[in-house]
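Colleague: My questions will all concern the structure given below.
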Amino acid sequence: MDQLQLRAIEFRCIQEEQPFCTASCPIHVDVRAFMAGLAKGDLREARRVLDRTMPFPEIIGRICDQPCYSFCKRGEIGEPLATARLERFCVTNSTTVLKPPKLPAKGGTVAVVGSGLSGMTAALDLGRKGRQATLTTSVPGLGGSLRGYPETILPSETLQQAATLLAGYGVILQLATPVDREFIAALPAKYDAVYFDFDEIDATLLPFAVGRPDPLTLSLKHAGCFAGGGIPEGASVFSVIKQVEDGRRAALTIERYLQKVSLTAQREMEGACTTRMYTVTTGMPHLAQTIPADLAIGYTAAEARQEAGRCIHCECLECVKQCVYLREYKEYPKTLVRKVYNNQSIVQGTRNANKMINSCSLCGQCTTICPHDFPVADVCRTTRQEMVRGGQMPPSAHDFALEDMRFSLSSFCTLNRHQPGTASSRYVFYPGCQLAGSAPEAVKSTYQYLTGQLQGGVGLMLGCCGIPAHWAGEEKLFAETMEGFRAELERLGNPTVITACSSCLSIFQEFAGDVQISSLWQVLDTLELPVHPDLLPRQSLTIHDPCTARHQAGLQASVRSICNKLGLNIVENRFNGKLTDCCGYGGLMQYANPLLGAKAAVVKAARSEFDGLAYCAMCRDNLAASGKRVAHLLEYIFPVFEANEPLDRKNPGFSQRHENRARLQQDLLTTLWREPSAPEPEHKKIRILLTQEVLDQLNRRLILEEDVQKVIHQASRTGRHLINPDNNHRLACYKPVRVTYWVEYEPTDQGFVIYNGYSHRMLLPEEKP
């Protein structure tokens, strides 16, 4: 990812866009921050917000005509916030907190004619920029139309404070000075630029052609002359904030004019503007606007705090609200992708974001939620590919998952056959490695059912689609896996693939070329299914769609159709279909960040109070591991009658999944194809004894029971082990590839009692994978 790509991606995140109130305010007061200060009773902080953007807070804060009012999102669920009343409360109960600095003098002289609010603002902003401004008015004091406000609304002392402020920034005040055509005609020759405030100066006094001021720059036809203020053409009322906007816009134009740069470039965000901010108000409570007990006096401190507390603090964060990954790392997409970019841009030093990059589930929920389709998953996945290519991928991140994939593709688990007794296949059933590991009996029953229902022969392929390699960024390994799949499929005559796994379905559809792919669920929906009404649960079940079926509307519809045919009472939860969560398996999250993977499963399980129904093996197992009662849909179509209630089936764990895959292959070969089973490896003959506590510990540490057997077999064969004389426990290690396994055990007459196990997944600098 280069800088241009980064900028393009960052732009799609709208979290940092202005809230609606600020965007609609011509001087962009940070109303959200202002409300936050008042809501917590911090009057000083609220005043600081006004001081940052209002040129004369003591004046504007008292008489603001709040153009933001009609744009307030609170108005969607009640009345908008009373911003003007709150500003008045703030400035009448506080003094200046922040005084913007003055830049060094830069030369250039500017005449400001007229002391209305736009003229005062232009003079003040120019003074702050280091320009010498002279403000001239024909009356004894400042203010223009402001002098018409009652003393109770706008005390005269506020105008006196404005004069003091202007003088403090070096603005020369020429009060009670006759302003006529002769005076005005001489200004362009005496000053480098001139601004006319039409709130106080009649355009007919100008001795040169005025024309219509340019709305963007407020330029007049006469070079170096600018004008604004007053009541805009087409408007019927005087707007305080419009006066301020004109003065500020004129000051910026004059600054550019004096610098001899473009007067128009990159000024789209000046004044009231649009915003891409997206804020959902659905579900927020209706809160009535707080009305002051005394309308003449205005808000008390308690009333102001109550009213400001109605602010919903507009922001997007819709993806963060639902994504356990973004919440864990306290990021929103723009900041996340910036950290990803910075991590990859490091030439030397520690790449602290590696774990963060590898912890994304790549499920795409955030992209679906985002109104601008921010591609978090794409960024993380392609970055993983770059990390692998550059040798920056930590071995511990995905090593276990990739070894699990290799085991599923090994001679112990794979099987590619035509239907027994046939020499060709119109279809081939591809259950996927995780279903074979979780529910091998369901795989066998499903296959036998398909062979009895579909004409033309139904072959069987046991293996792995390679999606772990794809998620891990291992492009070469993934390509090899996909090539192997296509070669085996071609050897079988290129039958239509029927897959039970939504991950396999998505990966084959994207990368398997012109291979014909169908979902098992869509196939089953067309067949007459066995119904077992006595075995169905009486309570309703909530469906948990897998994240890899997010955009498979047809598949989702078939699942629900099947449930209806079986007589299952199902309920939906809000985060199903396109909005469904990941269970923690997607993107190999649970391997790169086990604690976060467990959180993801808990979040998905908690989307409904009902017991669950899944049609993804990993969703079922991970939700079961989180404590959710959940069944796999196949268990209600092809029940194992001697088994316990499907909702109570436990997560088999990593070791049992390995064992299930290998046994499934041997069972099918011997019972269906009448082929002899392969000899059992020597280490498999070792009997190990584990408590549930130790087994759970091994699962958390990604250590298989077979790994333990290999360690003990190696120690028994070589005699290399340590003995603790205090308890006679032995400690041995074994490194088959790049993972070193350590096991603490004790030999007994019944077998080897296992007390502890741990591993190191790392490569030393001089080692090669």
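The values are calculated or read from the model by the stated rules, or taken from the named source; none is laboratory data. All values reported here derive from a predicted model rather than from experimental measurement. Because the Cβ atoms are built from the backbone with ideal geometry, glycine has one as well, and the counts that use them run over all protein chains shown. Note: accessible area is taken over every heavy atom of the protein model, side chains too, but ligands, DNA and RNA are not part of it. Shrake-Rupley method; radii C 1.70, N 1.55, O 1.52, S 1.80 Å.
Colleague: Give me the angle, in degrees from 0 to 90, between the Cα long axis of helix 653-671 and the longest principal axis of the Cα atoms of the chain, rounded to the nearest 10.
Modeller: In the chain, helix 653-671 runs at an angle near 40 degrees to the longest axis.
Colleague: Could you tell me the center-to-center distance, by alpha carbons, between the stretch 18-38 and the stretch 171-240 in angstrom?
Modeller: 30 Å
Colleague: Pop out the Kirkwood hydrodynamic radius of the stretch 529-590 from its pairwise C-alpha distances, inverse of mean 1/r, in Å to one decimal. Let's see the in-between values first.
Modeller: Values: mean 1/r = 0.0772 Å⁻¹.
Over the stretch 529-590, the inverse of the mean reciprocal pair distance is 12.9 Å.
Colleague: May I pose another question? What is the sum of charges, Lys and Arg at +1 and Asp and Glu at -1, for the other residues whose Cβ falls under 13 Å from the Cβ of THR274? Spell out each step's value before the answer.
Modeller: On the way: positive: ARG276; negative: GLU17, GLU268, GLU270.
Spelling it out: positives minus negatives among the neighbours equals -2.
Colleague: Here is a follow-up. Measure out, as a whole number of angstrom, how far apart the alpha-carbon centroids of the stretch 741-761 and the stretch 87-102 sit.
Modeller: 71 Å
Colleague: Still on this structure: Return one number: the angle in degrees, 0 to 90 and rounded to the nearest 10, between the long axis of the Cα atoms of helix 705-718 and the longest principal axis of the Cα atoms of the chain.
Modeller: Helix 705-718 sits roughly 60 degrees off the main axis of the chain.
Colleague: If you don't mind, there's one more thing I want to ask. What is the angle, in °, between the Cα long axis of helix 117-128 and the longest principal axis of the Cα atoms in the chain? Nearest 10 is fine, range 0 to 90.
Modeller: Tilt of helix 117-128: around 70 degrees.
Colleague: Between the stretch 278-302 and the stretch 380-437, how many Å separate their Cα centres?
Modeller: Taking the Cα centre of each part, the stretch 278-302 and the stretch 380-437 sit 58 Å apart.
Colleague: Ignoring everything but the protein chains, give the 1.4 Å probe accessible area of ILE231 in square angstrom, nearest 10.
Modeller: ILE231 has an accessible surface of roughly 90 Å² with all protein chains in place.
Colleague: Could you tell me the relative contact order of the chain? Use alpha-carbon pairs under 8 Å, at least six residues apart, and round to a whole percent. Intermediate results must be reported in sequence, preceding the final value.
Modeller: On the way: 1370 pairs, mean separation 76.4, N = 769.
Across the chain, relative contact order equals 10 percent.
Colleague: With each run of n ≥ 4 DSSP H residues scored as -39500 (n - 2.57), what mean residue ellipticity at 222 nm is computed for the chain after dividing by its residue count and rounding to the nearest 500 deg cm²/dmol?
Modeller: Numbers: 32 runs with 314 residues, N = 769.
About -12000 deg cm²/dmol.
Colleague: Find out how many positive minus negative residues lie around MET589, taking Lys and Arg as positive, Asp and Glu as negative, among other residues whose Cβ is under 14 Å from that of MET589.
Modeller: Details: positive: ARG327, LYS355, ARG381, ARG384, LYS599, LYS604; negative: GLU328, ASP581.
Taking every Cβ under 14 Å from that of MET589, the sum is +4.
Colleague: Next up: Among SER156, SER359, what's the order by accessible area (1.4 angstrom probe), most exposed first? Write out the running numbers ahead of the final one.
Modeller: Values: SER156 55, SER359 0 Å².
Correct descending sequence by accessible area is SER156, SER359.
Colleague: For the chain, what does the accessible surface come to per residue with a 1.4 Å probe? Please give it in Å².
Modeller: Numbers: 34230 Å² over 769 residues.
That works out to 45 Å² per residue.
Colleague: Which residue, CYS64, CYS363, LEU252, has the largest displacement toward the positive end of the dipole of the chain when charges sit on each Cβ (Lys, Arg +1; Asp, Glu -1)?
Modeller: The Cα lying farthest towards the positive end belongs to LEU252.
Colleague: With all protein chains present, how much of the accessible area of the chain (probe radius 1.4 Å) comes from carbon and sulfur, to the nearest whole percent? Please list the in-between numbers first.
Modeller: Details: 17870 of 34230 Å².
Solvent-exposed carbon and sulfur of the chain make up 52 percent of the total.
Colleague: The chain: D in µm²/s via Stokes-Einstein (Kirkwood Rh, Cα pairs, 25 °C, 0.890 mPa s)? Don't skip to the answer; put the middle values down first.
Modeller: Numbers: Rh = 31.7 Å.
The Stokes-Einstein estimate is 77 µm²/s.
Colleague: Taking K and R as +1 and D and E as -1, what net charge do the other residues with C-beta under 15 Å from the C-beta of PRO104 add up to?
Modeller: Working: positive: LYS102, LYS106, ARG128, LYS129, ARG131; negative: GLU255.
That works out to +4.
Colleague: Could you tell me whether the stretch 164-295 comes out rounded, prolate or oblate from its Cα gyration tensor? Rule is a ≥ b ≥ c as square roots of the eigenvalues, rounded for a/c under 1.5, then prolate if a/b exceeds b/c, otherwise oblate.
Modeller: Cα axes put the stretch 164-295 in the prolate bin.
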